[in-house]
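Chemist: Shown below is the structure under consideration.
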Amino acid sequence: MLSVLDLFRVGLGPSSSHTVGPMRIANRFLREARRAGFLATAQRIEIELQGSLALTGIGHGTDKAVILGLLGFAPETAEPDDAEAAFKTAIATKTLALAGGPSFPFRPVKDILYRGDIVPDLHPNGLALRLYSSASTETPDFTRVYYSTGGGFIASARRLARPAKDDVVEDRARSPFAFGSAAELLALCEAKELAIDALILANEEDRERSETVSQIDFITDTMLACVDRGLNTDGILPGGLEVVRRAPDLYRKLKTGAGVNEREALFDWLNVYAMAVNEENAAGGRVVTAPTNGAAGILPAVLRHYCCEDDGAPIRSKAQRFLLVAGGIGLLYKQRASISGAEMGCQGEVGVACSMAAGGLAAVWGATPAQCLAAAEIGMEHNLGLTCDPVGGLVQIPCIERNAIGTVKAVNAARLALHQTGQGKVSLDQVIETMRQTGLDMSSKYKETSQGGLAVNVVEC
């Protein structure tokens, strides 16, 4: 069992797997190099991006994320403006000052290798880091290979290559109600007469209940702050596509009452909240992985519309229930399949976020645990096969609109589940397994490589 809080990580955009994960990897590399006694003598570093990290690394800001991590920035605490200034200084001066280590010349063109031709067996998001004690030597003194496995999660090559009993990693946390499937989760809820959010809280045994609730409140506030920034920040998104932020203009129209009496106005509100977050993400702002940065707009949009007062103040009890249930559902995807776009395509990102939001919203509306899981199943069933084909390697087209569409789908899935009578024909476990198999069968062109789909056709047109 993972902690539900592991799914909700605060970091900088535009990608959890290509930005947050690599920054965390760089932090970890420095710690390991220091313990091994090689950091103080370093005179050169080589960064090798492999697979998807290489193919969409520039558009996703992977090179920047690794450099920031080596400078000592952590995704949880990095301020976007400070990070940008430090990155520009390192590039302009062609000098890299390793956190807790020496400074030495750094030439990105030579010292960052984009190896899109290497597709690692363990995971498509590979990152190798090498330290040299001399600028001229060809043999590194210290080398580590890591993988960014989606949602900001990282793993070393040694860890992923280690055999796991029955394909299950040993549980290091104490979880009184551990579950490995939706069926087990539902059975526990029924046997213990607990709602899903109460069971998830009980599983956070290594933390005090108040600490977990406090962290959930912090995640809520961070999500809502991101919505507010996105609603009130005009401009053009970076990267060269000249994508104009649309959320602020739509928000101004909604506030003035334009179209508010239309039945379809609900779509406008859900759309504007989701787009606000993902435009912030595309600009490198502070977002919460939910479960990834590329799908970061769906949960905050539902949270803002259904768990807040009219003025945007969170209704804590609703927000806590929403995120705990959504997080519990997200754990199932992380444990039984993947939330990495490089492995699953966008069904593993927007699809999972839609499923999580549907289940969480159903809980807010008073659904039973069975209905919550049914909502989550519906949310994913109609995202199966969704490809990840970002134009120009940027998390903008189709990602921003895709979050808006996913938000509307999530709300509809929750409504359908509440009106459902009897047991559905498809279980959440079955749809998660179907997503996993679909992701494995999907061509790599459609899994965060920008080598197929819209990424090819839009450029050609």
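The values are calculated or read from the model by the stated rules, or taken from the named source; none is laboratory data. Here the structure is a predicted model, which means the values were calculated and not measured. Note that we place each Cβ from the backbone using ideal geometry, even for glycine, and neighbour counts take in every protein chain shown.
Chemist: Can you find a residue that is in contact with a helix residue (DSSP H, G or I) (Cβ under 6 Å, 6 or more places away or on another chain), among the charged types (D, E, K, R), assigned to a loop (DSSP other than H, G, I, E, B) and free of Cβ contacts under 8 Å to residues at least 40 places away in the same chain anywhere in the stretch 264-276?
Modeler: No; the residues of the stretch 264-276 include none that is in contact with a helix residue (DSSP H, G or I) (Cβ under 6 Å, 6 or more places away or on another chain), among the charged types (D, E, K, R), assigned to a loop (DSSP other than H, G, I, E, B) and free of Cβ contacts under 8 Å to residues at least 40 places away in the same chain.
Chemist: Looking at (1) part of a helix (DSSP H, G or I); (2) within 24 Å of the chain's Cα centre (by Cα); (3) surrounded by 14 or more Cβ atoms within 10 Å (Cβ to Cβ), find the lone condition where ARG159 falls short.
Modeler: (3)
Chemist: Please go through the stretch 110-155 and pick out each residue that is farther than 20 Å from LYS64 by Cβ, without any contact (Cβ under 8 Å) to a residue 60 or more places away in the chain and under 21 Å from the mean Cα position of the chain (by Cα).
Modeler: If the condition is that a residue be farther than 20 Å from LYS64 by Cβ, without any contact (Cβ under 8 Å) to a residue 60 or more places away in the chain and under 21 Å from the mean Cα position of the chain (by Cα), then LEU122, ALA155 are the ones that fit.
Chemist: Does any residue of the stretch 294-303 turn out to be surrounded by fewer than 24 Cβ atoms within 10 Å (Cβ to Cβ), modelled with pLDDT of 95 or more and closer than 14 Å to ILE405 by Cα? Write out each step before concluding.
Modeler: The initial filter retains those residues of the stretch 294-303 that are surrounded by fewer than 24 Cβ atoms within 10 Å (Cβ to Cβ), namely none.
For the stretch 294-303, residues surrounded by fewer than 24 Cβ atoms within 10 Å (Cβ to Cβ), modelled with pLDDT of 95 or more and closer than 14 Å to ILE405 by Cα: absent.
Chemist: While we're on this one: Among the numbered criteria (1) closer than 24 Å to ASP228 by Cβ; (2) touching a helix residue (DSSP H, G or I) at 6+ places or on another chain (Cβ under 7 Å); (3) hydroxyl-bearing (Ser, Thr, Tyr), which single criterion is violated by THR387?
Modeler: The one condition THR387 does not meet is (1).
Chemist: Also: Give the residues of the stretch 105-142 that are part of a loop (DSSP other than H, G, I, E, B) and under 24 Å from SER450 (Cα atoms), sorted by residue number. Step through it out loud before you land on a result.
Modeler: Of the residues in the stretch 105-142, the ones part of a loop (DSSP other than H, G, I, E, B) are 106-107, 116-124, 133-141.
Within the stretch 105-142, GLY116, ASP117, ILE118, VAL119, PRO120, ASP121, LEU122, HIS123, PRO124 qualify.
Chemist: In a helix (DSSP H, G or I), surrounded by fewer than 19 Cβ atoms within 10 Å (Cβ to Cβ) and either more than 18 Å from the chain's Cα centre (by Cα) or modelled with pLDDT under 95 (or both): does that describe ARG436?
Modeler: No, not satisfied.
Chemist: Report yes if some residue within the stretch 290-297 is β-branched (Val, Ile, Thr), farther than 19 Å from MET1 by Cβ and out of contact with any Asp or Glu (no Cβ under 7 Å at 6 or more places or on another chain); otherwise report no.
Modeler: no
Chemist: Here's something else I'd like to know. Which ones in the stretch 6-41 are over 23 Å from THR220 (Cβ atoms), in contact (Cβ under 8 Å) with a residue 60 or more places away in the chain, among the small types (Gly, Ala, Ser) and in a loop (DSSP other than H, G, I, E, B)?
Modeler: Hit for the stretch 6-41 is ALA40, nothing else.
Chemist: Which condition number does LEU373 fail, the rest of (1) surrounded by fewer than 24 Cβ atoms within 10 Å (Cβ to Cβ); (2) modelled with pLDDT of 95 or more; (3) closer than 20 Å to GLU190 by Cα being met?
Modeler: Going through (1) surrounded by fewer than 24 Cβ atoms within 10 Å (Cβ to Cβ); (2) modelled with pLDDT of 95 or more; (3) closer than 20 Å to GLU190 by Cα one by one, LEU373 breaks only (1).
Chemist: Moving on. Name the single residue that is surrounded by the most Cβ atoms within 10 Å (Cβ to Cβ) among those in the stretch 181-195 being over 16 Å from TYR333 (Cα atoms) and of a type outside the set (Asp, Glu).
Modeler: CYS189
Chemist: For the stretch 358-383, what are the residues that are in a loop (DSSP other than H, G, I, E, B) and of a type in the set (Gly, Ala, Ser)?
Modeler: Matches in the stretch 358-383: GLY366, ALA367.
Chemist: If I go through the stretch 333-343 residue by residue, how many of them are among the hydrophobic types (A, V, I, L, M, F, W, C) and assigned to a helix (DSSP H, G or I)?
Modeler: 1
Chemist: Further question on the same structure: What about ARG316, is it surrounded by 24 or more Cβ atoms within 10 Å (Cβ to Cβ) and more than 18 Å from ARG436 (Cα to Cα)?
Modeler: It is false that ARG316 is surrounded by 24 or more Cβ atoms within 10 Å (Cβ to Cβ) and more than 18 Å from ARG436 (Cα to Cα).
Chemist: Kindly provide the set of residues from the stretch 125-156 that are at pLDDT 90 or above and of a type in the set (A, V, I, L, M, F, W, C), ordered by number.
Modeler: LEU127, ALA128, LEU129, LEU131, PHE142, VAL145, PHE153, ILE154, ALA155
Chemist: Among the numbered criteria (1) in contact (Cβ under 8 Å) with a residue 40 or more places away in the chain; (2) over 30 Å from ARG436 (Cα atoms), which one does ALA296 miss?
Modeler: The single condition ALA296 does not satisfy is (2).
Chemist: Hey, could you check the stretch 384-424 for residues that are part of a helix (DSSP H, G or I) and β-branched (Val, Ile, Thr) and say which is nearest to THR449 (Cα to Cα)?
Modeler: First, the residues of the stretch 384-424 that are part of a helix (DSSP H, G or I): 391-393, 399-419.
After this cut, where a residue has to be β-branched (Val, Ile, Thr) as well, the list is 391, 400, 405, 407-408, 411.
Values: VAL391: 10, ILE400: 18, ILE405: 22, THR407: 25, VAL408: 27, VAL411: 30 Å.
Going through the qualifying residues, I end up with VAL391.
This table checks each residue for (1) touching a Phe, Trp or Tyr at 6+ places or on another chain (Cβ under 8 Å); (2) part of a helix (DSSP H, G or I).
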site: GLY284; (1), (2): no, no
site: ALA290; (1), (2): yes, no
site: GLY294; (1), (2): no, no
site: LEU303; (1), (2): yes, yes
site: ASP310; (1), (2): no, no
site: LEU323; (1), (2): yes, yes
site: GLY327; (1), (2): yes, yes
site: LEU331; (1), (2): no, yes
site: GLY345; (1), (2): yes, yes
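Chemist: Does at least one position in the stretch 83-93 carry a residue that is assigned to a helix (DSSP H, G or I), surrounded by 24 or more Cβ atoms within 10 Å (Cβ to Cβ) and under 24 Å from the mean Cα position of the chain (by Cα)?
Modeler: No, the conditions are met nowhere in the stretch 83-93.
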